[in-house]
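Colleague: Submitted below is the structure of interest, expressed as structure tokens.
The values are calculated or read from the model by the stated rules, or taken from the named source; none is laboratory data. These numbers come from a predicted model, not from an experiment. Quick reminder, even Gly has a Cβ in these numbers, built from the backbone with ideal geometry, and neighbours come from all protein chains shown.
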């Protein structure tokens, strides 16, 4: 057990097995106690195993392979703006998890930096062939072989084919839960989201996303909103991964914001999501201006 003033770490482990730096642990417990109003994190896990690729260690990179994470429960209380955490993300390619498994796990997130507080519960998480670059953690959704979780009252599914093409769907969750406005008693926010999309990895640095958003209340759409014969709203946009070097929550909201922008959704839902993402686009514009 490791015990520091603000971090508690407890586990049962056999240590590292050389030469492949294999590790195995069970009954894991990790706590960040929230010193000086920092984030509060509590993680418990039944099993953790995998190995570290020693070749990448020699060039200053950390690549974890064949990691199995089973029975993990995380409670994350966000008290520090995600904008302030961007600088702590590693560069793409430096820290990666590859060909791994996350099973029977759940995550509860509460963001106290937003008003009203944003709360989201992810449960029954099952991910096979998990691949993630810590520099752009949202790519977990688009690089893993298959994934499923319950998200609030809905479901999120993702699947990758031949490493380049895949599909993702989000259904059952209400607009109120997605936008963080569940506590506001507006009937429109009780409508269910129905999103289906396909994605194509054009290169290591970019991805094309195209899909349809159904069940959008007419009161929330613009007169110029695109609509197909089935009554669904198509969208398409490019993801440049260098613009998604963001903490997971910010990147997820940016994705949703781009979809809503594509179908010209207006009203209270778009206002809520745009409000929490409006600084992202301005931030990257300022970065580019400084580099000129």
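Colleague: Pull up region 173-200, narrow it to residues that are under 18 Å from the mean Cα position of the chain (by Cα) and surrounded by fewer than 18 Cβ atoms within 10 Å (Cβ to Cβ), then point me to the one that is modelled with the lowest pLDDT.
Modeller: 196
Here is a yes/no grid of residues against (1) more than 22 Å from the chain's Cα centre (by Cα); (2) surrounded by 13 or more Cβ atoms within 10 Å (Cβ to Cβ):
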residue: 6; (1), (2): yes, no
residue: 13; (1), (2): yes, yes
residue: 17; (1), (2): yes, no
residue: 26; (1), (2): yes, yes
residue: 33; (1), (2): yes, yes
residue: 39; (1), (2): no, yes
residue: 46; (1), (2): yes, yes
residue: 49; (1), (2): yes, yes
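Colleague: Do we have any residue at all in region 74-83 that's within 28 Å of residue 238 (Cβ to Cβ), in contact (Cβ under 8 Å) with a residue 40 or more places away in the chain, in contact with a helix residue (DSSP H, G or I) (Cβ under 7 Å, 6 or more places away or on another chain) and surrounded by 15 or more Cβ atoms within 10 Å (Cβ to Cβ)? Give the steps one after another, and end with the answer.
Modeller: Initial filter on region 74-83 (within 28 Å of residue 238 (Cβ to Cβ)): 81-83.
Of the ones still in play, those that are also in contact (Cβ under 8 Å) with a residue 40 or more places away in the chain are 82-83.
When the remaining residues are screened for being in contact with a helix residue (DSSP H, G or I) (Cβ under 7 Å, 6 or more places away or on another chain), the result is 82-83.
Applying the additional criterion that residues be surrounded by 15 or more Cβ atoms within 10 Å (Cβ to Cβ) yields 82.
Taking every residue of region 74-83 in turn, at least one turns out to be within 28 Å of residue 238 (Cβ to Cβ), in contact (Cβ under 8 Å) with a residue 40 or more places away in the chain, in contact with a helix residue (DSSP H, G or I) (Cβ under 7 Å, 6 or more places away or on another chain) and surrounded by 15 or more Cβ atoms within 10 Å (Cβ to Cβ).
Colleague: In region 241-268, what residues are over 16 Å from the mean Cα position of the chain (by Cα) and either under 21 Å from residue 207 (Cβ atoms) or at pLDDT 50 or above (or both)?
Modeller: Initially, region 241-268 is screened for residues over 16 Å from the mean Cα position of the chain (by Cα), giving 260-268.
Scanning region 241-268 gives 260, 261, 262, 263, 264, 265, 266.
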